1. Per the Cauchy relation, a quarter of the hull surface: what is the mean projected area of the convex hull of the alpha carbons in the range 1-160, in nm²?
2. What base-10 log of the normalised intensity I(q)/I(0) is obtained for the range 35-87 from the Debye formula, alpha carbons as equal point scatterers, at q = 0.13, 0.24, 0.25 Å⁻¹?
3. Of the peptides 232-242, 44-54, 115-125, 155-165, how do they stack up when ordered by the mean number of other Cβ atoms within 10 Å, highest first?
4. Return one whole number: the accessible area per residue of the range 1-126 in Å², for a 1.4 Å probe.
5. When the helix-only estimate is applied to the chain (DSSP H runs of n ≥ 4, each -39,500 (n - 2.57), divided by the residue count), what is the mean residue ellipticity at 222 nm, nearest 500 deg cm²/dmol?
6. Over the residues of the range 141-285, compute the C-alpha Rg and express it relative to 2.2 N^0.38 Å.
7. ARG95 to GLU51: extension gain in nm, 0.36 nm per residue of separation minus the Cα-Cα distance?
8. What are the DSSP H helices in the chain that stretch 30 Å or more along their long axis, judged by alpha-carbon atoms, and whose average Kyte-Doolittle hydropathy comes to at least 1.6?
Amino acid sequence: MRLGVLDIGSNTVHLLVADVRPGGRPLATTSQRTVLRLMRYLEADGSISEEGVQALVAAVGQARETAAVERVDELLATATSAVRDATNGAAVIARIEEALGQQLQVLGGETEARYTFLAVRRWFGWAAGQILLFDIGGGSLELAGGGDELPDLAESVPLGAGRTTVQFLPNDPPSDDQIDALRQHAASTLAPVAERFASLPRPDHVVGTSKAIRSLAKLAGYPMPGWSGIDRMVLPRQALKAWIPRLARIPAEARQELPGITPDRTFQIVAAAVVVHQAMKAMDIDELEVCPWALREGVLLRYIESLSWNAVGA
C-alpha cells in the first residue's frame, strides 16, 4: 500500500510518501516540504497568530492535494511541539483537521522521541547495541537511549532551534552576551536530564537526527565509511564548538553560502549549534553519527508493524 506521513513541525510541514508492505522496508516515492518557521508567528501570550494559522492551513491543504495526486491509501498526519505547546493549540488543531478532512495526531515530546528512536534502531540494526539519540527540531530537543527497539529512557526539553532563537538570539547577528545567555540556559535545562541518562549503560553509538544536525555535520563534521557501503557523517563536539563564534558573527542572509546551511536554516542554525554542543557536553559525548531516518520514518515503521502478518500472504 502507499502511505503518506504528514509531519507538521515547528519549522516545516513535510509530506513523505512511501510504498510499504508488512515486513518490508518503506520505499520513499515523494517528499514535499513547505518552510513555515512557526516560531515567527508566536504572540506574546504563546498563541500562533492568525497569519501563522493561515500559512499552516495553506501548507496542509497543499500536502493533502499532493497526497491525493500520489494516490495515497492512508495519510498519517502528526503535529509536534509548535502546535502542541501553543496556547491556542486546540483551535489551531481544529483548523488543521478541517483542512485535512481527517483527525490529527498530536505527539507528545516523549512519544516523538520514541518514534525517532525506533527509526534509528532500524537504520543501524541490532548490532549497534546501546544507542543514545539526539534530535533537535524547531521547538524542542528530544533525547532517548536504550538497547532495544524502544528506548529505556526518552525525554523532551523546550530547547528547539526556533524557540531558543526567538527567546535568546533576537539580533542578527547575535551578540556574545546573547550567546552566553543561551548557553547558560541550555546547560541548566540539560543538567538534570543528563543526570537521569547517566543511569543508562554507556552508549555504543551516539546518533543525531534532524535537518539541523545534518547541516551542522556538513559544516563542521567529516564523512566516514559506513558498513553498508554508504558514507556516514560524523559531528565532533570540538569542531562544533569552534564553529559557533564564527557562525554567530555572520549575518543570517550570508550563512547559506556555508557548506550544508540551507536558506530555511540560516536564522536558527546558531541556536541549534549552541544547544547541540551543550547537550553533547552535558552528556559527555565527543561526537555524533548522523542518521538519515527520523520521526517520519518512525511513524511509517510503527504503522507497518501494526499491519496484520496475514497480509504478507494475501
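The values are calculated or read from the model by the stated rules, or taken from the named source; none is laboratory data. Quantities reported herein were computed from a predicted structural model and do not represent experimental measurements. A quick note on method: Cβ atoms are made from the backbone with ideal geometry, for glycine too, and the neighbour counts reach across all protein chains shown. SASA here: full protein model, heavy atoms, side chains in, ligands and nucleic acids out. Shrake-Rupley method; radii C 1.70, N 1.55, O 1.52, S 1.80 Å.
1. Averaged projected area of the range 1-160's Cα convex hull equals 9.3 nm².
2. -0.38, -0.94, -0.98
3. For the peptides 232-242, 44-54, 115-125, 155-165, the packing ranking is 155-165, 115-125, 232-242, 44-54.
4. Here the per-residue accessible area is 44 Å².
5. The per-residue figure over the chain is -13500 deg cm²/dmol.
6. That works out to 1.06 for the range 141-285.
7. This chain segment gains 14.5 nm when fully extended.
8. Qualifying helices: none.
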